[in-house]
Structure formats: C-alpha cells, structure tokens
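Visitor: Structure incoming, see below.
The values are calculated or read from the model by the stated rules, or taken from the named source; none is laboratory data. These figures come from a predicted structure and were not determined experimentally. All Cβ positions, even for glycine, are placed from backbone atoms using ideal geometry, and neighbour counts span all protein chains on display. These area figures cover heavy atoms from the full protein model, side chains too; ligands, DNA and RNA do not enter into them. Shrake-Rupley method; radii C 1.70, N 1.55, O 1.52, S 1.80 Å.
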Amino acid sequence: MGRVSTTPRRVVAVLLAVTMLFAAGCSDPGQGPGVEVPPGSTEPAPSSSGPAPSASLDPAARAAALVAELTDEDLVGQVLMPYAYGDRATKVSAGSAAGNRALAGVDTPAEMIEKYRLGGLILVGFSADDPTQGNQPTTNVDNPKQVRELTTGLREAAGKLAAAPAPLLIGTDQEYGVVTRVTEGVTMLPSALAAGAAGDPDLTEAAWRVAGTELAAMGINVDFAPVADVLVTRSAVIGSRSFGADPQRAAAQVGGAVRGLQAAGVAATVKHFPGHGHSAEDSHRDLPVLSQSRKKLAAQAWPPFTAGIEAGALAVMSAHLDVRSVDPGVPATFSHKLLTEVLRGELGFQGVVITDGMNMPPARRWGPGEAAVRALKAGNDLILMPPNVSQAYDGLLAALRDGSLPRARLVEAVTRVLTMKFTLSGAPAPELSALATPEHRAAARALAAAAVTVLRGRCDQAVIPGPVTVTSSDGRAHTRAALTKALTEAGVPVVPSGGTIVHLVGYGDRAGDLRADAAVTVAMDTPYVLGQAKSPTLLATYSSSRAAMEALAEVLAGKARPQGRSPVKVSGLPATTCAG
C-alpha cells in the first residue's frame with residue numbers, strides 16, 4: 001500500500017463548507033437518498049440526485065461529496081467502531097452468536113455492520129501479560145490467514161452500505177510488547193520502551209513500516225498505536241508500552257513510528273491523550289487523576305502528541321483521565337476543553353479523534369447512548385467499543401433528531417472519518433507472503449540489538465564464557481526456550497543446571513522473582529526491578545520477542561556490544577555503564 005498523508009488545511013476548509021451547507025438547510029442528510037447497490041454488486045451505484053464521489057477528488061472533497069448523500073442512519077453508523085464476537089464475518093459459534101445478540105441484537109459481525117451501517121470494527125484479543133485484558137471481552141484474531149479471511153468478509157458486508165465508496169475501518173491494538181493482538185506468523189517488533197532505549201528514530205521508522213506492511217496484508221488499516229504517553233510514573237498499565245520518560249526523546253520515537261506505519265498505508269493512532277503515563281492508576285479499572293499543572297503537562301506530556309501530529313498521524317485516541325488543571329472531574333474523553341480547545345485548538349490536530357474503549361469503567365458512568373452523545377459533543381469523531389451497540393446507535397440517532405446533538409457536529413465527525421477512509425483507500429493490500437520475511441525480521445532485529453542495555457557490569461568483553469543455565473520467573477518457558485536456542489546458535493553452550501545462571505524477569509515481576517545466585521539478571525519489560533537485583537551483571541532488553549532474545553544472545557556471547565540506554569530512571573543504577 002502507498003504512503004498516506006494528511007492535508008489539514010484542506011480538511012478544515014471542506015469541513016467548514018460542509019457544516020455551513022447543512023446549517024443553511026441546503027441539503028438534509030436525514031431526508032436525502034441513500035446509495036443503491038445493483039443486484040450482485042458490492043459497489044454502490046451513483047445516486048439519481050447527483051454524481052458519486054469522483055476518484056479524481058482529494059480525500060476531503062470525496063468525503064464531503066459522500067456525506068451529502070447519507071441519511072441520518074448512515075451518519076450515525078459511521079461514527080461507531082464496536083467490537084464483535086467471532087473469528088469469521090458470517091459464520092460464528094453458538095457462543096459468539098449469543099455474545100453478538102447481547103451486544104447488538106444480531107448473530108454475526110457482518111450482520112452488525114449491515115444493521116448499524118458501521119464506520120468500522122475493532123479486532124480484539126488478549127494475552128497472559130496484557131494490561132488491557134480487562135476491556136477485551138473476547139478474541140477474534142488467531143493467525144494471519146484467519147484475520148485476512150475475517151477482514152475480507154467484513155469489507156464485503158460494508159460494501160452493501162451507502163457509505164461503501166469509503167472503505168471500512170478495521171483496527172486493532174498492535175503495539176508490540178505486552179499489547180499485541182496478532183502474535184502468530186508476524187514479525188514481532190521489540191516494545192516501545194526498547195525503541196526508546198535504542199534511541200534511533202530511523203530504526204523505529206523502519207521497524208514500524210514493517211508493522212504497517214504486515215497489518216495491511218492482513219486487511220487491517222488502522223493501528224491503535226503508537227503510545228505517546230511519557231512514562232513519568234511506574235505505571236503498570238502503560239509501562240513498556242511507552243517510549244520512555246524523556247518527552248523529547250519519546251517525541252522523536254513517536255514521530256518515527258507514525259511515519260513508518262503510514263508509509264505502509266495504515267493509519268497511526270497516537271494515544272492516550274492527554275497522557276496516561278502521568279498517572280500510575282489504571283483507566284481499565286477507575287478514573288485516573290492527573291494532578292499536574294497545565295504548564296507541566298504542556299512541557300512534559302504533550303510533546304510526543306505534537307510530534308505525532310506533525311508526522312501526519314491520521315488519528316489521536318482520547319483517554320479516560322481526569323485532568324484537574326484543565327477540566328476537573330470530567331474524563332478527557334468527554335471534555336470539550338481538552339479535545340476541542342487543547343488538542344484541536346492548541347496542538348492543531350485536524351484528523352480523527354477516537355475514544356478509548358467505551359466499555360471501560362470511566363465511560364460507563366452514563367448509559368451507552370448518552371455516553372456516545374457526550375463523547376461526540378466533546379470532540380471525538382469515532383466511538384470505540386460501546387458496551388451496547390444498539391443503545392449507542394439509538395441514543396445518537398435520537399439526540400440528532402431532537403437537536404441535543406447538533407447536526408453540524410455529527411457531519412463534521414463523519415466528514416473527518418470519511419476523509420481518513422479515502423486517504424487510506426486506493427492501493428491493494430500486500431499478499432500474506434509479505435509477513436515475517438527475512439528483511440522484516442532484520443528490521444526488528446536491528447532495533448532490538450540497539451536496545452540491549454548494560455546497567456551494571458562491563459560491556460567491553462564477553463559477558464558469559466559458558467556453559468550457561470537459563471532460568472526465569474514462573475510462566476516464561478517459551479522465552480527461556482527462545483534464549484536457549486539463540487545462545488546455542490551464538491556458540492554458547494546451555495545446560496539444564498550447574499552453569500552460570502542467566503535469569504530472566506518480565507512484566508509484573510517484583511523482587512521476589514529475582515535470583516540472588518544469578519550472575520546475570522535480564523529485565524524483559526520495564527527495568528525498575530533491577531534496582532533490587534544483586535547480580536554482578538544487569539541487562540535490559542525491555543522485550544521478550546524473538547528478536548530481543550537473539551540480540552541478547554549476541555551480547556552474552558560477546559559478539560555484539562550493547563548500545564542501549566535505559567529510557568527510564570532505575571533506582572541506584574546508571575542509564576548504562578557503557579561509554580559513548
């Protein structure tokens with residue numbers, strides 16, 4: 001897929017024109033004709049009232065033309081992006097059908113798209129170390145072939161809609177590290193924190209271009225990444241999902257990730273505005289409070305968001321955060337001050353604002369319909385993961401018709417959504433053979449190798465002469481096996497016991513998971529626990545991916561010099577013991 005770009009000034013001009021048109025009553029989308037679909041076709045025919053959007057027009061102009069053709073029901077559907085149960089579009093298990101009926105009154109994902117005229121769908125899933133699993137009620141991703149078949153079926157369903165000229169948005173949280181939805185058969189990049197340790201935006205951009213290419217091959221055109229939160233707290237929910245604690249260094253990394261994704265034709269979503277890393281609380285459980293001053297947030301939390309916007313990010317995700325210095329007591333998701341005045345007015349973002357999951361507790365203080373209306377009025381353009389699709393849809397439609405949701409605001413939101421869709425359209429998806437190629441693995445490996453950090457010990461000689469015994473905290477047999485294989489390939493003998501102990505710790509591990517007799521302790525997530533480790537050599541990879549274990553093995557074998565610097569402060573330890 002080709003590189004995507006934004007044209008903010010053109011979008012603003014078109015939005016103003018469309019808003020004025022509807023406000024003046026020159027066209028009524030609630031009464032206007034839909035777009036007919038000829039029998040046996042998935043492409044809509046031109047409406048009798050005027051020409052269909054021309055491919056010669058730019059995305060914003062095409063969006064404006066299509067908006068003028070849509071009914072009230074179409075407009076409302078385009079701002080909804082729910083999840084669904086089932087790993088296929090039209091045929092699901094009895095359990096998945098029951099889940100869809102409770103969620104939306106239909107049996108299948110395809111029926112959900114058709115009934116509610118949806119603008120998009122998010123693919124969900126979780127893993128053992130996933131800090132977001134609290135709002136992942138199901139999983140519908142398994143492997144690339146299955147995902148490609150699912151997304152193809154979803155697009156076929158969307159092809160029957162009046163908004164069909166603009167492709168369906170299919171998104172997922174493919175952040176890499178602990179939040180990665182598709183893990184089988186893809187190139188696994190190291191975590192964001194690893195990229196922060198590497199400190200090279202060019203390596204990050206190259207790796208995330210790989211990510212975009214592979215997502216596009218699976219039929220996914222929106223990635224809810226990168227995380228732009230600056231990790232100023234020991235947040236367990238953000239942690240290694242962040243590029244680090246320095247706002248300027250994190251900003252450079254966010255820019256690289258955005259450029260990489262969008263060069264491959266996948267929309268980047270910079271999240272979680274206005275900065276989840278400034279609170280250690282978890283918005284999947286409660287409403288975190290940001291007590292910092294507005295000046296401090298502008299200096300420390302917002303630079304990575306600005307960098308993402310300047311890199312052309314098509315989307316920004318709003319967060320369920322209580323920013324006391326700006327709009328006390330109001331979650332940012334529902335704050336006009338934060339989303340419209342700050343994000344759009346001060347930071348200049350003109351793309352699509354997407355809510356964080358509306359099935360999370362801070363958003364469920366209102367019913368699905370009222371919450372959706374409030375979120376849209378605050379400045380969001382896409383409502384993500386409503387806990388009940390029919391109630392969200394009906395609530396938006398009722399508010400539109402009784403005037404409590406201004407038509408101009410809905411039209412503005414839909415125009416932005418369609419502009420993003422048309423920006424992403426036009427290029428064929430890569431074949432599945434593009435996944436996990438040697439070139440892709442090399443890009444991941446280069447980033448992982450640059451991230452390996454020595455926080456205690458020497459880096460100018462082989463760390464381990466061998467033989468080695470690899471141990472870990474509980475539940476990490478797969479990672480132990482990966483490091484064992486990599487060490488063996490690097491020429492280091494590995495024995496079941498009696499060798500020099502290399503001990504691995506990862507997500508959620510604490511002091512009790514350390515080994516006092518380990519010669520080397522390696523942190524594969526945030527490195528804070530290393531501050532309590534007694535090992536003479538302390539290393540960090542910030543990730544447990546295959547690429548990270550291969551890079552670690554090269555260092556342990558003395559074949560590579562660790563280059564990384566810890567992107568967060570670890571008590572009692574330097575950022576690195578390596579000079580330069």
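Visitor: Quick one: putting +1 on the C-beta of Lys and Arg, -1 on the C-beta of Asp and Glu, what dipole do you get for the chain around its Cα centre, in Debye to the nearest 20?
Guide: Roughly 1120 debye for the chain.
Visitor: Roughly what angle does helix 144-158 make with the longest principal axis of the chain, taking Cα atoms, 0 to 90 degrees, to the nearest 10?
Guide: 10 degrees
Visitor: Now for a separate question. Going 7 Å from the Cα of Lys295 in the Cα-to-Cβ direction, what parts of the range 229-253 have a backbone nitrogen less than 20 Å from that spot?
Guide: Zone members listed by number: 247-248.
Visitor: Where the only charges are on Cβ atoms (+1 Lys, Arg; -1 Asp, Glu), what is the dipole of the range 220-318 about its Cα centre, to the nearest 20 debye?
Guide: I would put it at about 200 debye.
Visitor: State in Å² the accessible area per residue of the chain; use a 1.4 Å probe, count heavy atoms of protein chains only, and round to the nearest integer.
Guide: Heavy-atom SASA per residue in the chain reads 36 Å².
Visitor: Which FRET efficiency value, to the nearest 0.05, do you get for Ala511 and Asp394 by plugging their Cβ-Cβ distance into 1/(1 + (r/R0)^6) with R0 = 51 Å?
Guide: For R0 = 51 Å, the calculated efficiency reads 0.50.
Visitor: Quote the FRET efficiency, to the nearest 0.05, computed for Thr488 versus Gln532 with a Förster distance R0 of 30 Å and r equal to the Cβ-Cβ distance.
Guide: The calculated FRET efficiency here is 0.50.
Visitor: Of the listed pairs Lys337/Lys377; Lys337/Lys421; Lys91/Lys115; Lys271/Lys337; Lys296/Lys377, which have alpha-carbon separations greater than 21 Å here?
Guide: Lys337/Lys421; Lys296/Lys377
Visitor: With a cut-off of 8 Å between alpha carbons and a minimum separation of six or more residues, what is the relative contact order of the chain in percent?
Guide: In percent, rounded to a whole number, it is 16.
Visitor: From the P(r) of the chain, can you give the percent of Cα pairs sitting at distances over 48 Å?
Guide: Result: 12 percent of Cα pairs exceed 48 Å.
Visitor: Right, here's the next one. Can you tell me the orientation of helix 368-378 relative to the chain, as the angle in degrees between its alpha-carbon axis and the longest Cα principal axis, to the nearest 10?
Guide: 90 degrees
Visitor: Kirkwood Rh over Cα pairs of the range 295-400 into Stokes-Einstein at 25 °C, 0.890 mPa s: D in µm²/s?
Guide: For these conditions, the coefficient is 175 µm²/s.
Visitor: Shifting gears a bit: Label Arg365 and Leu57 with points 7 Å out from Cα along Cα→Cβ: what is the distance between them in nm?
Guide: 4.1 nm
Visitor: Then there's this: In the range 230-332, carbon and sulfur make up what percent of the accessible area (probe 1.4 Å)?
Guide: Of all accessible area on the range 230-332, carbon and sulfur atoms account for 48 percent.
Visitor: I need the P(r) histogram for the range 125-187: all alpha carbon pairs, bin width 5 Å from 0 out to the longest distance, whole percents.
Guide: Per 5 Å bin, starting at 0, the Cα pair percentages come out as 4, 16, 22, 21, 16, 13, 7, 2, 0.
Visitor: Please work out, to two decimal places, the log10 of the ratio I(q)/I(0) at q = 0.13, 0.27, 0.28 Å⁻¹ from a Debye calculation in which every Cα of the range 106-152 carries one identical scatterer.
Guide: Here the Debye-derived log intensity ratios amount to -0.37, -1.08, -1.10.
Visitor: I'd like the FRET efficiency for Ser404 and Lys160, computed as 1/(1 + (r/R0)^6) with the beta carbon distance as r and R0 of 41 Å, rounded to 0.05.
Guide: My answer for the efficiency is 0.85.
Visitor: Hey, another quick one. Under Stokes-Einstein, with the Kirkwood radius over Cα pairs standing in for Rh, what whole-number D in µm²/s applies to the range 162-242 at 20 °C and 1.002 mPa s?
Guide: Numbers: Rh = 13.8 Å.
It diffuses with D of about 155 µm²/s by this estimate.
Visitor: Do any chymotrypsin sites (Phe, Trp or Tyr not before Pro) in the range 348-438 lie in a DSSP loop with no more than 16 other beta carbon atoms within 10 Å, and if so, which? Please report the intermediate quantities before stating the final value.
Guide: Working: sites: Phe349, Trp366, Tyr393, Phe422; in loops: Phe349, Trp366.
Loop-located and lightly packed - Trp366.
Visitor: Which cross-chain or sequence-distant (5 or more) residues have an amide H under 5 Å from the amide H of Cys578, H modelled 1.01 Å from N in plane?
Guide: Amide H to amide H, under 5 Å and 5 or more residues apart or across chains, Cys578 pairs with Val454.
Visitor: Any idea what the dipole of the range 492-569 comes to, in debye rounded to 20, about its Cα centre with Lys/Arg Cβ at +1 and Asp/Glu Cβ at -1?
Guide: 220 debye
Visitor: Still on this model: Using the Cα centre of the chain as origin and beta-carbon charges of +1 (Lys, Arg) and -1 (Asp, Glu), tell me which of Leu455, Thr484, Ala540 is placed farthest towards the positive end of the dipole.
Guide: Result: Leu455, furthest along the dipole toward the positive end.
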